[in-house]
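Engineer: A single structure is presented below for examination.
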Amino acid sequence: MWRKTRCRRKNFLSIRTQRISHVVRAFSLSSHLLTLSSLIVLHLSTTHVPPTHGLDNLALGKPAAQNSVWSERGSSPAYAHLANDGDTNSIFNQGSCSKTGSPDERDGSSWWIVDLLHQYLIHSVKITNRKFTDVNKLKNFSVYVSAGNPREDGEFPAVSHLGELCVFRTSGIKSARTEQLSCGESVGGRYLTIHKIGNSNLVLCEVQVFGELILTLSSSSSPSTSTTAPAPSSPSSSLSSSPPSESGAASPSSSSPP
């Protein structure tokens, strides 16, 4: 009887020891996998994430231009760069809205364009309308995205030469309202153009652009570092954020009051 009890205790201890051994091995293996996984995530996050990514406002402070600049005596010209200065103030007379003057003579349209300086996959655009205005002022406009500068195309500003369509808006944006307009499908490019048909001014109190940086492959890099972000210094732009060199001279316009 004593021998049977001793044998049972020995078998029990043997089985329990084996279970503990399996648990220790499993924990050791999971710890190695966790450590390896952490290293992989850390490597990717420190090597491949560009400085500008996600849903930042890509248009903020970037070079902008428009077909003409509205101005009148006693007020500052409504230059294009005022539409992407980061100020969503919708009161026009307080100087943070852009406004075109005379329509483009080539097709009677008004347009505003921003150079994002890098190629992005654009998801949506936020547009702020001016306060104390008719809802019909800001309607029937389109948003296009192109890889190259559409102004260098001889057919510009024909809609067929502005790039890929992101948004087509027929209804008006209400007074002092900011609306986020999503692209039907995300569109890749560097230049974003807002194009309005009709003999009326294009007034934009703020334009915000949201998207993600398009990473490029470097042929000289090894596979582990082939995905590269743009250099810290931004490329030069054919557009200019400085008022004197914007498209269209600042000239008086009586097409609509400020």
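Engineer: Listed residues 61, 86; which is in contact with a Leu (Cβ under 6 Å, 6 or more places away or on another chain) and farther than 16 Å from residue 133 by Cβ?
Structural biologist: On the way: 61 fails: in contact with a Leu (Cβ under 6 Å, 6 or more places away or on another chain).
Residue meeting the stated conditions: 86.
Engineer: Let me ask you something else. Take the conditions surrounded by fewer than 16 Cβ atoms within 10 Å (Cβ to Cβ), over 19 Å from residue 60 (Cβ atoms) and of a type in the set (Phe, Trp, Tyr) and apply them to residue 132. Does it pass? Explain how you work it out, then say what you get.
Structural biologist: Values: surrounded by fewer than 16 Cβ atoms within 10 Å (Cβ to Cβ): yes; over 19 Å from residue 60 (Cβ atoms): yes; of a type in the set (Phe, Trp, Tyr): yes.
Spelling it out, residue 132 is indeed surrounded by fewer than 16 Cβ atoms within 10 Å (Cβ to Cβ), over 19 Å from residue 60 (Cβ atoms) and of a type in the set (Phe, Trp, Tyr).
Engineer: Just a yes or no: is a residue in segment 73-85 hydrophobic (A, V, I, L, M, F, W, C), part of a loop (DSSP other than H, G, I, E, B) and modelled with pLDDT under 95?
Structural biologist: The first filter runs over segment 73-85 and keeps only residues hydrophobic (A, V, I, L, M, F, W, C), leaving 78, 80, 82-83.
Those left that are additionally part of a loop (DSSP other than H, G, I, E, B): 78.
Checking the rest, the ones that are also modelled with pLDDT under 95 come to none.
Taking every residue of segment 73-85 in turn, none turns out to be hydrophobic (A, V, I, L, M, F, W, C), part of a loop (DSSP other than H, G, I, E, B) and modelled with pLDDT under 95.
The rows are residues; the columns are (1) of a type in the set (D, E, K, R); (2) under 23 Å from residue 70 (Cβ atoms).
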position	(1), (2)
139	yes, yes
168	no, no
175	no, yes
204	no, yes
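Engineer: If you don't mind, there's one more thing I want to ask. Return the residue satisfying two criteria in turn: it lies in segment 102-129 and is modelled with pLDDT under 95 and of a type in the set (D, E, K, R), and of such residues it is nearest to the chain's Cα centre (by Cα).
Structural biologist: 104
Engineer: Let me spell it out: the conditions are (1) over 20 Å from residue 84 (Cα atoms); (2) in a strand (DSSP E or B); (3) polar (S, T, N, Q), and residue 136 meets all of them except one. Which number is the exception?
Structural biologist: All conditions are met except number (2).
Engineer: If I go through segment 64-80 residue by residue, how many of them are touching a residue at least 24 places away in the same chain (Cβ under 8 Å) and surrounded by fewer than 23 Cβ atoms within 10 Å (Cβ to Cβ)?
Structural biologist: Just the residues of segment 64-80 that are touching a residue at least 24 places away in the same chain (Cβ under 8 Å), to begin with: 64-73, 75, 77-80.
When the remaining residues are screened for being surrounded by fewer than 23 Cβ atoms within 10 Å (Cβ to Cβ), the result is 71-73, 75, 77.
Of the residues in that region, 5 qualify.
Engineer: Considering only segment 182-200, state which residues are at pLDDT 95 or above and surrounded by 15 or more Cβ atoms within 10 Å (Cβ to Cβ).
Structural biologist: Within segment 182-200, 183, 186, 187, 188, 189, 190, 191, 192, 193, 194, 195, 196 qualify.
Engineer: So residue 203 clears everything in (1) modelled with pLDDT under 95; (2) of a type in the set (A, V, I, L, M, F, W, C); (3) over 20 Å from the mean Cα position of the chain (by Cα) except one condition, right? Which one?
Structural biologist: (1)
Engineer: Give the residue, chosen from 151, 169, that is of a type in the set (Lys, Arg) and under 18 Å from residue 198 (Cα atoms). Give the derivation first.
Structural biologist: Values: 151 fails: under 18 Å from residue 198 (Cα atoms).
Going through 151, 169 in turn, the sole match is 169.
Engineer: Next question. Could you figure out which of (1) farther than 20 Å from residue 174 by Cα; (2) touching a residue at least 60 places away in the same chain (Cβ under 8 Å); (3) part of a loop (DSSP other than H, G, I, E, B) isn't true of residue 122?
Structural biologist: (3)
Conditions (1) outside any loop (DSSP other than H, G, I, E, B); (2) crowded, with 18+ Cβ neighbours inside 10 Å; (3) acidic (Asp, Glu); (4) at pLDDT 95 or above, marked per residue:
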position	(1), (2), (3), (4)
144	yes, yes, no, yes
148	no, no, no, yes
166	yes, yes, no, yes
175	no, no, no, no
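The values are calculated or read from the model by the stated rules, or taken from the named source; none is laboratory data. Predicted, not measured: the structure shown is a model, and the values here were computed from it. No Cβ is skipped: glycine too gets one built from the backbone with ideal geometry, and neighbour counts run over all protein chains shown.
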